[in-house]
Amino acid sequence: MADGPALIIQVARGGAVDRQLGIERPDTVVSGEAVVEAGPADEAGALVPSDHGEVVLSVLSPEALAREPEEVRRVIREAGQGVEPLVVVVEAAEEVRDEELAPVVEAAKANPRPVILRIIRDA
């Protein structure tokens with residue numbers, strides 16, 4: 001993405017990651033490379049599903065993003081043409097750190113399509 005943040009981080013409003021990011025923002029958020037969107041949560045506290053975007057990767061926790069940075073970069077790089085945002089889904093998290101965000105931000109900077117990191121629920 002040429003202008004604006006490289007990554008949109010979507011979290012459930014009032015969830016653990018939303019609270020963490022309200023208190024302790026990772027450097028990627030402070031720098032403007034990533035922006036946080038707190039969306040509505042269902043009765044179980046999970047982020048309400050969105051029908052926007054093309055899911056290119058789903059992981060159980062954000063730690064997987066740091067453990068497998070080449071896989072993150074590869075799936076975003078090879079997603080192909082399109083107008084819909086690319087979506088990386090994290091099933092559950094209590095917090096998100098810069099080392100977990102770094103591979104997604106790096107790959108997003110090199111892709112013309114918007115990239116969303118969607119964190120579904122608290123771990």
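Readers should treat all values here as calculations from the given coordinates under stated rules, not as data from a laboratory. Only a predicted model underlies this, so the values are computations on that prediction, with no experimental measurement involved. Cβ coordinates were reconstructed from backbone atoms using ideal geometry, including for glycine residues, and neighbour counts include every protein chain displayed.
Here are the numbers:
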quantity: Other-chain or far-sequence residues with amide H under 5 Å of Glu95's (modelled H); calculated: none
quantity: Mean ellipticity per residue at 222 nm, deg cm²/dmol - from DSSP H runs of n ≥ 4 across the chain, formula -39500 (n - 2.57); calculated: -8000 deg cm²/dmol
quantity: Rg to Rh, two decimals, where the chain supplies the alpha carbon set and Rh follows Kirkwood; calculated: 0.93
quantity: Directionally averaged shadow of segment 17-62, computed from the convex hull of its alpha-carbon atoms, nm²; calculated: 4.4
quantity: Amide H contacts under 5 Å for Ser58, placed H, 5+ residues apart; calculated: Val89
quantity: Rounded to whole Hz, the Karplus (6.51, -1.76, 1.60) HN-Hα couplings of segment 95-107, x for glycine and proline; calculated: 7, 9, 10, 4, 5, 7, 7, 3, x, 6, 4, 4, 5
quantity: Whole-Hz couplings from phi, Karplus 6.51/-1.76/1.60, listed for segment 76-85; x for Gly and Pro; calculated: 6, 5, 8, 5, x, 6, x, 10, 5, x
quantity: Candidates per GluC sites (Glu not before Pro) in segment 17-123, loop by DSSP, up to 12 other Cβ within 10 Å; calculated: Glu24, Glu43, Glu78
quantity: Under Karplus coefficients 6.51, -1.76 and 1.60, residue-wise ³J(HN,Hα) of segment 117-123 in Hz, glycine/proline x; calculated: 9, 9, 9, 6, 8, 5, 7
quantity: Residue with peak Gaussian network fluctuation, the chain [Cα springs, cutoff 10 Å], from Val17, Val83, Val48; calculated: Val83
quantity: Net lengthening on full extension, Glu43/Glu24 (0.36 nm per residue, minus Cα-Cα); calculated: 4.2 nm
quantity: The chain - share of DSSP beta bridges that are antiparallel (%, nearest 5); calculated: 5
